[in-house]
Amino acid sequence: MFKRALSGALADSGYACVFIHPTGGLNAADLWKYLEPCAVVGLDKIGTEDAQTLRNGGTPVVDGLLLSGAAQIIDQHKIGELQVRHLAAQGHRRIAYAAVDDASEDIVSEQRVNGALDAARQLGLPEPRITRMGYTAAAARDSVRDLVFGAEPVTAVAIFSDVLALALIAAAQDQSITVPRDLAVIGVDNIQLAALSVPSLTTVSMDLSGAAQALARHLSHLIQTPGESPPAFRAGALNVIERQTA
């Protein structure tokens, strides 16, 4: 969604967007030489040496879009906060956070976990249980069983994504655990299936299109007016979409 929106927004300004997923064997210096980019954007931090080489050559660099800071496209910390605050508003005090068991998502997952912990602390709630859940049916079964019947049972769980949330709801139904009576659930992403599931999934929506438009304007300014301060970069809006699971 974000990549498609960013490609479209940049195309409107006459730029093509090339997405690269680095691997251990990628030589960044050769990559810049062959592509000759107008600007380079990094979701994570671009290496200091590479970033400096690009800037010395007059290529604008915007990095850390998934990290906390002024250039962040989505406030990941805020997502975790919103999830816990919504569950607390429904009367829940024993809350868990189900992070994703995928190292490639740690940069985002950790920020959401920290947001959940901070929200609980600000609200005077017990510290949320932190668990990790993989993208498998077995992981969903184990997670829901532990959350409801384990040594530290909870009444609600905030989950890293809608996909994981839907898997957990299905696993709950298989074990005669009723959502939200036995376990309230809130996801993230507001995918189409979230509104179609039974019960329908409460989630946090992200304005990825708005974030892409803001980034495109930011990049266009950096490219077209070098040396001038670009317009303030605003992260995409976040909203809780309340449905039946929480």
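The values are calculated or read from the model by the stated rules, or taken from the named source; none is laboratory data. Note that this is a predicted model, so its numbers are computed, not measured. Here the Cβ is made from the backbone with ideal geometry for all residues, glycine too, and neighbour counts use every protein chain on show.
For the subset of the range 158-198 comprising residues that are among the β-branched types (Val, Ile, Thr) and over 30 Å from Arg4 (Cβ atoms), which member is nearest to the chain's Cα centre (by Cα)? Don't jump to the end; show me each part of the working.
So in the range 158-198, the residues among the β-branched types (Val, Ile, Thr) come out as 159, 163, 169, 177-179, 185-186, 188, 191, 198.
From the residues that got through so far, the ones that are over 30 Å from Arg4 (Cβ atoms) too are 177-179.
Details: Ile177: 28, Thr178: 27, Val179: 24 Å.
The qualifying residue nearest to the chain's Cα centre (by Cα) is Val179.
Would you check which residues across the range 120-139 are without any contact (Cβ under 8 Å) to a residue 40 or more places away in the chain and under 16 Å from Ile186 (Cβ atoms) and list them? Steps first, answer last, please.
Narrowing the range 120-139 to residues without any contact (Cβ under 8 Å) to a residue 40 or more places away in the chain: 120-124, 126-127, 129-139.
Answer for the range 120-139, where residues must be without any contact (Cβ under 8 Å) to a residue 40 or more places away in the chain and under 16 Å from Ile186 (Cβ atoms): Ala120, Leu123, Arg129, Ile130, Thr131, Met133.
Anything in the range 218-245 that is in a helix (DSSP H, G or I) and either touching a residue at least 60 places away in the same chain (Cβ under 8 Å) or on the phi > 0 side of the Ramachandran plot (or both)? List them, or say none. Explain how you work it out, then say what you get.
First pass over the range 218-245, keeping only residues in a helix (DSSP H, G or I): 218-224.
Those that are in a helix (DSSP H, G or I) and either touching a residue at least 60 places away in the same chain (Cβ under 8 Å) or on the phi > 0 side of the Ramachandran plot (or both): His218, Leu219, Ser220, Leu222, Ile223.
Regarding the range 45-54, can at least one residue be identified that is buried (at least 16 other Cβ atoms within 10 Å of the Cβ), modelled with pLDDT of 85 or more and of a type outside the set (Asp, Glu)?
no
Residue by residue through the range 17-44, note down the ones that are of a type in the set (Phe, Trp, Tyr) and either surrounded by 10 or more Cβ atoms within 10 Å (Cβ to Cβ) or at pLDDT below 80 (or both).
Residues of the range 17-44 of a type in the set (Phe, Trp, Tyr): 19, 32, 34.
Selection gives Trp32, Tyr34.
This table checks each residue for (1) over 25 Å from Thr202 (Cβ atoms); (2) within 11 Å of the chain's Cα centre (by Cα).
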residue	(1), (2)
Gln52	yes, no
Gly57	yes, no
Val61	yes, no
Ile79	no, yes
Leu82	no, no
Arg85	no, no
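I want to confirm something. Restricting to the range 56-75 and keeping residues that are under 16 Å from Ile107 (Cβ atoms) and not aliphatic (A, V, I, L, M), which single residue is modelled with the highest pLDDT?
Among those residues, the one meeting the criterion is Asp75.
Return the residue satisfying two criteria in turn: it lies in the range 199-217 and is outside any loop (DSSP other than H, G, I, E, B) and among the hydrophobic types (A, V, I, L, M, F, W, C), and of such residues it is farthest from the chain's Cα centre (by Cα). Show your work before the answer.
First, pick out the residues of the range 199-217 that are outside any loop (DSSP other than H, G, I, E, B): 202-206, 208-217.
From what's left, among the hydrophobic types (A, V, I, L, M, F, W, C): 204, 206, 208, 211-212, 214-216.
On the way: Val204: 10, Met206: 9, Leu208: 10, Ala211: 13, Ala212: 14, Ala214: 17, Leu215: 16, Ala216: 19 Å.
Within the range 199-217, the match that is farthest from the chain's Cα centre (by Cα) is Ala216.
Say we look at the range 179-198 and pick out the residues that are outside any helix (DSSP H, G or I) and not aliphatic (A, V, I, L, M); which of these is surrounded by the fewest Cβ atoms within 10 Å (Cβ to Cβ)?
Just the residues of the range 179-198 that are outside any helix (DSSP H, G or I), to begin with: 179-191, 197-198.
When the remaining residues are screened for being not aliphatic (A, V, I, L, M), the result is 180-182, 187, 189-190, 197.
Values: Pro180: 21, Arg181: 8, Asp182: 16, Gly187: 30, Asp189: 21, Asn190: 19, Ser197: 19.
Of everything passing the filter in the range 179-198, Arg181 is surrounded by the fewest Cβ atoms within 10 Å (Cβ to Cβ).
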